[in-house]
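Shown next, in structure tokens, is the structure this report addresses.
Please treat every number below as a calculation from the coordinates, not as lab data. Owing to the predicted nature of the structure, the values given are computational and were not obtained by experimental measurement. All Cβ positions, glycine included, derive from the backbone under ideal geometry; neighbour counts span all protein chains shown.
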Amino acid sequence: MPNPPLPLAQLSTEELAETSALTVGHYDHSAAGFWEGTRHHDVSQNLDALLRHLGDGGPHRILDFGCGPGRDLLALQSRGHLPTGLEGSAEFVRMARTHAGCEVLHQDFLQLDLPPHRFDGVFANASLFHVPSQSLADVLQSLWKTLRPGGVLFSSNPRGADVEGWNGTRYGTYLCLETYRRYLQGAGFVELEHYYRPPGRPRAEQPWLASVWRKPSAKKSRP
């Protein structure tokens, strides 16, 4: 199993806390506009990818990691599943609970407290890229632990040439497939598929990297 790559940046404890505080603050202050601007986005390709690998036998318990105002919680409910949201933005948490009426956890991505073996799947759509590279292995291990054996993780992130830093008041980490693959494999996941979005465009016009991963049923104990 490959080790995760070295962090792209070495941040102090204070700087790490700032990446969360400012990024969450950005979404708190723009929550209403974000909802109006994204509520009709079609991410059915991503939902299909997660659910296809989860297979039959639902309803499945799915953690929507970085659920925002609740768009994908509603979509998962409409497909007959049992989603739980997780958000760092208090305003998004309030909106998601109102829109979806389901459990929504209010947790900082860098201070996760998730129950072990709780979920069949994790849907991390446009969320994990906000995690600084030096914290990504820990966050992925938390998601690995909260998945049941055989569980599936979907993630979609804006791809890049292994760089990280500030985009206004939001912090982002932009990885290529090979680097991201090493992080996921280092956390114990097995790759199922990957693709680039939006579909049907030249690669240069596909800024999003989507990938699907499984936690093996027969597993070694994690450290």
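Overall shape of the chain was characterised from the C-alpha gyration tensor. The equivalent ellipsoid obtained from it has semi-axes of 22, 22, 18 Å, in decreasing order.
With only Cα atoms counted, segment 87-156 has Rg and Dmax values of 12.4, 34 Å. Think of segment 115-166 as a dipole: +1 on every Lys or Arg Cβ, -1 on every Asp or Glu Cβ, centred on the Cα centre; then among 158, 135, 116, 116 lies furthest on the positive end.
Suppose only helical runs count, i.e. DSSP H with n ≥ 4. What mean residue ellipticity at 222 nm does that imply for the chain under -39500 (n - 2.57) per run, divided by all residues and rounded to the nearest 500 deg cm²/dmol? Counting only the DSSP helices, I get -11000 deg cm²/dmol. What shape does segment 1-118 have by the C-alpha gyration tensor, where a ≥ b ≥ c are the square roots of the eigenvalues, rounded means a/c under 1.5, and otherwise prolate means a/b greater than b/c and oblate the rest? Oblate is the answer for segment 1-118, as a/c is 1.5 or above yet b/c matches or exceeds a/b.
Were the residues from residue 201 through residue 98 laid out at 0.36 nm apart, the gain over their Cα-Cα distance would be 33.5 nm.
Rounded, prolate or oblate: which one fits segment 164-223, using the alpha carbon gyration tensor with axes a ≥ b ≥ c (rounded when a/c is under 1.5, else prolate when a/b beats b/c, else oblate)? Oblate, since a/c reaches 1.5 and b/c is not below a/b.
Compared with the direct C-alpha span, the chain from residue 21 to residue 176 gains 53.2 nm at full extension, assuming 0.36 nm per residue. Each peptide in 61-71, 202-212 receives the mean, over its residues, of other Cβ atoms within 10 Å, and ordering these scores from highest gives 61-71, 202-212.
Ranked by the mean number of other Cβ atoms within 10 Å of their residues, highest first, the peptides 83-95, 177-189 fall in the order 83-95, 177-189.
How far apart, in nanometres, would the label points at residue 163 and residue 148 be if each is projected 7 angstrom from Cα along the Cα-to-Cβ direction? Computed distance between label sites residue 163 and residue 148 equals 4.3 nm. Inter-label distance, residue 193 to residue 117: 2.9 nm, where each label sits 7 Å from its Cα along the C-beta direction. With the charge dipole of the chain set up from +1 on Lys and Arg Cβ and -1 on Asp and Glu Cβ about the Cα centre, the Cα lying farthest toward the positive end among the listed residues 25, 75, 49 is that of 49. The distance between label points at residue 29 and residue 3 comes to 4.0 nm (points 7 Å beyond Cα on the Cα→Cβ vector).
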